[in-house]
């Protein structure tokens, strides 16, 4: 199973690298539109707002502008609708295969631990598809506060193994999940998220869908959380299907 997953990941990565290069050779399926790779992290100041951007790519270059519908996945998005402004479409100009989607992050009802904004393509018409890797037809953007005081500054670090797609996590307080993550696709990469947390009791749970943790035979995976510069969670990655760590912020 691991070898098969490794081969599949390599093939998908190769396909995305081809479509991501501006004015590169067209794909076999040239009429394709995708979001940029990865899970961007955007920061906003408390009581502030900012304009952020994300790239979209097509599989070929044409002589006319092309416009694609953009939608917010309300089910997967954890931010309140008042916390963002997303345009209904993005345009890839003539003569290029790259378009820039500009959206606004607003400090309204953003959870203290941040949140997630998930964008996806709407109806692309009959001439263009969003086929490809799952992350190519949607993108998950993590929104965090840039400065914490008078709250507590916390940082999550996860070192993935060779199969990051098996890893997910949740941060909860009082039985409510205040932050979570999944859908990672960069083997042996490092995830770093900064949070602003209120004082209280928290539980951090990390999951591995294959049941073999994030270390050992497939890479030196580990995870940790620091609060105000002090380590409160420290895991070596050999946790099987899941591991839960509890900590208190005074």
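Since every read-out is calculated from the coordinates, none of them should be taken as a lab result. Computed from a predicted structure; not experimentally measured. Cβ placement follows ideal geometry from the backbone for every residue including glycine, while neighbour counts extend to all protein chains displayed.
For residue 180 and residue 41, the difference between the fully extended length at 0.36 nm per residue and the C-alpha to C-alpha distance is 48.7 nm. Multiplying the residue separation of residue 189 and residue 248 by 0.36 nm and removing their Cα-Cα distance gives an extension gain of 18.4 nm. Taking label points 7 Å from Cα along the Cα-to-Cβ direction, residue 157 and residue 73 give a separation of 2.9 nm. Compactness of the range 152-249 was expressed as the Cα radius of gyration divided by 2.2 N^0.38 Å, which yields 1.02.
Return a whole-number percent for the relative contact order of the range 152-249, with Cα pairs under 8 Å and 6 or more residues apart as the contact set. Relative contact order comes out at 35 percent.
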